[in-house]
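Novice: Can you read through this structure? Questions will come right after.
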Amino acid sequence: MECPLCSHSKAHKHGKLPNGRQRYLCPACHQTFCESFDTLYYRRHVSPEQIRQVLQAHSKGSSLRGISRTSGLAYNTVVSLVRAASQKAQLVHNQEVQSVETEEVCADEMWSFVAKNRSIAPVRNATGETVGLA
């Protein structure tokens with residue numbers, strides 16, 4: 001097992017936690033950890049199945065309060081799960097996107113709001129060139 005704290009490759013078993021999960025000890029940094037360390041399941045009293053259901057319902061567009069009612073979990077627990085999952089997804093996205101080489105970027109259906117009942121007129125700078133719309 002690899003240590004999630006220092007990436008040492010030879011962490012070994014070091015007893016069990018009170019809930020029955022295996023505990024590990026890293027010989028390099030002398031820290032103990034369990035398999036679920038640095039995951040969505042770490043230090044949560046919610047089953048992995050419930051977490052999966054909450055995230056699946058959220059991805060389908062259900063409201064957080066609606067998910068709370070249907071799953072039987074507290075609203076703050078649902079918010080915490082969704083927030084933690086989005087942070088993990090952001091980390092993965094940032095790692096993957098940095099290594100992508102791009103030559104061209106396109107925008108599809110870009111929309112802009114112009115104030116209601118306002119005429120659209122060109123904005124000119126001091127030299128008389130058009131620099132935008134007002």
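The values are calculated or read from the model by the stated rules, or taken from the named source; none is laboratory data. As the structure is a computational prediction, the values presented were derived from the model and not from experiment. Here Cβ is always computed from backbone atoms with ideal geometry, including for glycine, and neighbour counts include all displayed protein chains.
Residues are listed down the side, and each one gets a yes or a no for (1) surrounded by 15 or more Cβ atoms within 10 Å (Cβ to Cβ); (2) under 14 Å from the mean Cα position of the chain (by Cα):
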{"residue": "Pro48", "(1), (2)": "no, no"}
{"residue": "Leu55", "(1), (2)": "yes, yes"}
{"residue": "Lys60", "(1), (2)": "no, no"}
{"residue": "Leu64", "(1), (2)": "yes, no"}
{"residue": "Ile67", "(1), (2)": "yes, no"}
{"residue": "Ser71", "(1), (2)": "yes, no"}
{"residue": "Val82", "(1), (2)": "yes, yes"}
{"residue": "Ala89", "(1), (2)": "no, yes"}
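Novice: All but one of (1) hydrophobic (A, V, I, L, M, F, W, C); (2) touching a strand residue (DSSP E or B) at 6+ places or on another chain (Cβ under 6 Å); (3) part of a helix (DSSP H, G or I) hold for Ala57; state the number of the condition that does not hold.
Specialist: Checking Ala57 against (1) hydrophobic (A, V, I, L, M, F, W, C); (2) touching a strand residue (DSSP E or B) at 6+ places or on another chain (Cβ under 6 Å); (3) part of a helix (DSSP H, G or I), the one that fails is (2).
Novice: Among the residues in the stretch 9-26, are any crowded, with 16+ Cβ neighbours inside 10 Å and assigned to a loop (DSSP other than H, G, I, E, B)?
Specialist: Yes, the stretch 9-26 contains a residue that is crowded, with 16+ Cβ neighbours inside 10 Å and assigned to a loop (DSSP other than H, G, I, E, B).
Novice: Just to be sure, is Cys6 touching a Leu at 6+ places or on another chain (Cβ under 8 Å) and outside the structural domain of Val92 (by TED's automatic domain parsing)? Can you show your working first?
Specialist: Working: touching a Leu at 6+ places or on another chain (Cβ under 8 Å): no; outside the structural domain of Val92 (by TED's automatic domain parsing): yes.
No, not satisfied.
Novice: Hey, another quick one. When residues of the stretch 60-94 are filtered for being outside any helix (DSSP H, G or I) and of a type in the set (A, V, I, L, M), how many remain?
Specialist: Restricting attention to the stretch 60-94, the residues satisfying the condition of being outside any helix (DSSP H, G or I) are 60-63, 72-74.
Keeping just the survivors that are of a type in the set (A, V, I, L, M) gives 73-74.
Summing the residues that are outside any helix (DSSP H, G or I) and of a type in the set (A, V, I, L, M) in the stretch 60-94 gives 2.
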